[in-house]
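Everything on this sheet refers to the single structure shown next.
The values are calculated or read from the model by the stated rules, or taken from the named source; none is laboratory data. A quick note: this is a predicted structure, and the numbers were derived from the prediction, not measured. Cβ coordinates were reconstructed from backbone atoms using ideal geometry, including for glycine residues, and neighbour counts include every protein chain displayed.
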Amino acid sequence: MRSWPSTAVALGADYNPEQWPEDVWAQDVARMQEAGLSFATVGVFSWSLLEPAPGVYTFDWLDRVLDLLHDGGIAVDLATATASPPPWFSHAHPETLPVDHDGRTRWPGSRQSWCPSSPVFTAAATRLTEQMARRYHDHPALALWHVSNEYGCHNAPCYCDTCAAGFRAWLGKTYGDTDALNDAWGTAFWSQRYTDLAQVQPPRRSTADSNPTQVLDYRRYTSDALLAQLQAEVSVLRVHSPGVGVTTNFMTMDSFRHLDYTRWTSSVDVVSTDHYVIGALADPQAELSFAADLTRGLAGGTPWLLMEHSSSAVNWQPVNRAKTPGQLLRHSLTHVARGADTLGFFQWRQSRAGSEKFHSALLPHAGTRSKIWHDVLELGRATRALGEVLGSRVEAEVALLWDYEAGWALQAPSHPSAEVTYGEVAHDLHAALRRAGVTVDIVGPHASLEGYRVVLVPTLYLTDTETLGALATAADAGAQVLLTYFTGVVDASDHLRADPVTGDGWSPEVATLTGTRTLEHAPLLTDEQITLDGLLAGAATRWTEWVDVSESTEVLARTVDGPTAGAAALTRRSTGSGAAWYLATRPAAAGFDALLARICADAAVRPVAVASPGVELVRRRSDRGSWVFAVNHTDASVQVAVSGRELLTDTVVDGLTVGAGAVAVVREG
Ligand code: GAL
């Protein structure tokens, strides 16, 4: 498989030369060389220029771009250019425009205005993909195919008639007949029984909440429909450009959950993702670290590619924070610490016109006499010093289960609390371990848990017998397994796992594993705080429950006040050579810290190194050695107990000092 040169952590960027007069291009390539770029992603939004009229192709300008990049030693991640169809296409095929929940057409004029189910779109996109592949498959600059762009970013879910028909076909394949569909959707409720699939609609806006299983299936259908679009283009590339890898940029940021990427990874050769820091979050860098760990999980632990991030501010948040000095290096190297071997940016040269002219780029409007360019050159030097970490893997003894479907089901309406959102407790747990210097692998619900000393299961509302069985096996085999509230409640059809007729409580398997039987949920109001005692002493929010604790189960914290005063908030049950823990509320950060300190102590999981607070630590390892990444997020220098050669300064250290806001990478030994 082709790739770009790999003696350094590769740097690259989306390059949109069509936004500039041709005489700027040579200057671009010279500057890319100066910045140390190895690759450029070209053509993502070029469809309207490459095919200005149906079946009329104008590749000459792209030929010149690819030649120029190749002559400059810059490899190309070549887009199939199908992300956004040209106006002539939408004008000729209005039936391909997406439709929203309320039945309103999403008109063209921005980007990605195409319906995920449209066969007319697939035909046009694969036609262009074939032309691109035939023309460029043997171009020496071509290193990777970039299929479409951020599938589902703007056009999913779509509720048009084409999607309705596609959904019915998907349901036919999934359920066979309406009897099975009626059972799965629980249509005995609210007089929803179907007698013909033709009667089924997408969950368009209705008078009251739509059937939750219908909503869940529509999420599955939408993810599958977009996956089919990816696969259609990939099949064309396999035929006309064999031997060249393919990728599509996922979005593992917390704000994007439309697609079940665990089902997408086998369709690409390289897992790549985009990440933008969300300024309004309480701890934006903690979210960055989470997204990086999630991407590594999708890549099965192998190095992955960060396709896009930003040199400084974006332009699509209400207030767009510029990166402060040092932040670009910290953000970029956190991705590398957590498994990225390649760092891409949106975009190379800041746009002069259009929606993204205020979005930062590697080459800003202020040119090379600017803070951004200075930071970019600094990043280039750092990535060149890190060549030896390429191919190594991140070391982690803790797994956190992440399941997109569980998230979809949890976010459905009509639940005990709309404020219990998927990911909240996952982030709490991840953030606490990150503060403690412990690395977490974020893995899919069916990943092997073998070898993990701690397994964290945050709000896995929807799950199956297989996953619950694997958790019991992991605990018996010695792991500390923590389940948090609202886990194991429903099956794949969003039906209660418990048999209410037998009065089993809310989740029989969770009760058996943890020794804690939930009797009733008692969520807290938005600003309501309660007090906990014991190991979690301090405040808690969001959720409590009345639980029945078996005799063989220890209670390590209780609620002191609030609706469930006196109820168990944290329990632990020994099983085999491990233990199963149950957390029935959402403690404050200090409570999570105490909980995870105790679990890690029981599991003999230690931090990457002993260090001052505020420094983020990750270890990568290969058969060539091990490297500790230390990212100092504080404004004072910190100490880390590691020794070896620090690669960014090329000095030997015996006990590391990392300056305020700086990053260090130490090859140990
Ligand atoms: C991504 C997209 C890029 C650019 C970027 C801005 O969603 O792929 O084309 O728009 O965001 O942050």
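From T262, T207, grab the single residue that is in a helix (DSSP H, G or I) and surrounded by fewer than 22 Cβ atoms within 10 Å (Cβ to Cβ).
Only one candidate passes the filter, namely T262.
So which pairs qualify, if the first residue must be in the range 152-165 and among the β-branched types (V, I, T), the second must be assigned to a loop (DSSP other than H, G, I, E, B), the Cβ gap must be under 8 Å, and the two must be at least 6 apart or on different chains?
If the second residue must be assigned to a loop (DSSP other than H, G, I, E, B), the pairs left are T162/C115; T162/S117; T162/S118.
Could you grab me the full set of residues in the range 285-311 that are surrounded by fewer than 21 Cβ atoms within 10 Å (Cβ to Cβ), touching a residue at least 60 places away in the same chain (Cβ under 8 Å) and part of a loop (DSSP other than H, G, I, E, B)?
Residues satisfying the conditions are G301, T302.
I'm trying to understand the selection: among the residues of the range 39-93, which are without any contact (Cβ under 8 Å) to a residue 40 or more places away in the chain, assigned to a loop (DSSP other than H, G, I, E, B) and closer than 21 Å to L363 by Cβ?
Result: S46, single match.
Find the residue count for the range 445-488, including only residues that are assigned to a loop (DSSP other than H, G, I, E, B) and over 19 Å from E424 (Cβ atoms).
So the answer is 12.
Tell me, please, whether a residue that is within 16 Å of the ligand (Cβ to nearest atom) and touching a helix residue (DSSP H, G or I) at 6+ places or on another chain (Cβ under 7 Å) can be found in the range 163-182.
Taking every residue of the range 163-182 in turn, none turns out to be within 16 Å of the ligand (Cβ to nearest atom) and touching a helix residue (DSSP H, G or I) at 6+ places or on another chain (Cβ under 7 Å).
Name every residue in the range 211-231 that is in contact (Cβ under 8 Å) with a residue 60 or more places away in the chain and more than 23 Å from the chain's Cα centre (by Cα), in order of residue number.
P212, T213
Looking at the range 248-257, is at least one residue within 16 Å of the ligand (Cβ to nearest atom), over 30 Å from L433 (Cα atoms) and either surrounded by 20 or more Cβ atoms within 10 Å (Cβ to Cβ) or not hydrophobic (A, V, I, L, M, F, W, C) (or both)?
Looking through the range 248-257, at least one residue is within 16 Å of the ligand (Cβ to nearest atom), over 30 Å from L433 (Cα atoms) and either surrounded by 20 or more Cβ atoms within 10 Å (Cβ to Cβ) or not hydrophobic (A, V, I, L, M, F, W, C) (or both).
Identify, from the list A286, A225, the residue that is more than 16 Å from the ligand (Cβ to nearest atom), at negative phi and out of contact with any Lys or Arg (no Cβ under 9 Å at 6 or more places or on another chain).
The conditions single out A225.
Which of the following residues is closer than 29 Å to F121 by Cβ, more than 16 Å from the ligand (Cβ to nearest atom) and surrounded by 15 or more Cβ atoms within 10 Å (Cβ to Cβ): V29, V65, V44?
The conditions single out V65.
If you check R619 against the conditions, is it modelled with pLDDT of 95 or more and under 17 Å from L386 (Cα atoms)?
yes
Among what's in the range 312-341 and is within 16 Å of the ligand (Cβ to nearest atom) and touching a strand residue (DSSP E or B) at 6+ places or on another chain (Cβ under 6 Å), pick the residue that is nearest to G391 (Cα to Cα).
H335
Pick out the one residue from A361, A353 that is crowded, with 21+ Cβ neighbours inside 10 Å and in a loop (DSSP other than H, G, I, E, B).
When all the criteria are applied, what remains is A361.
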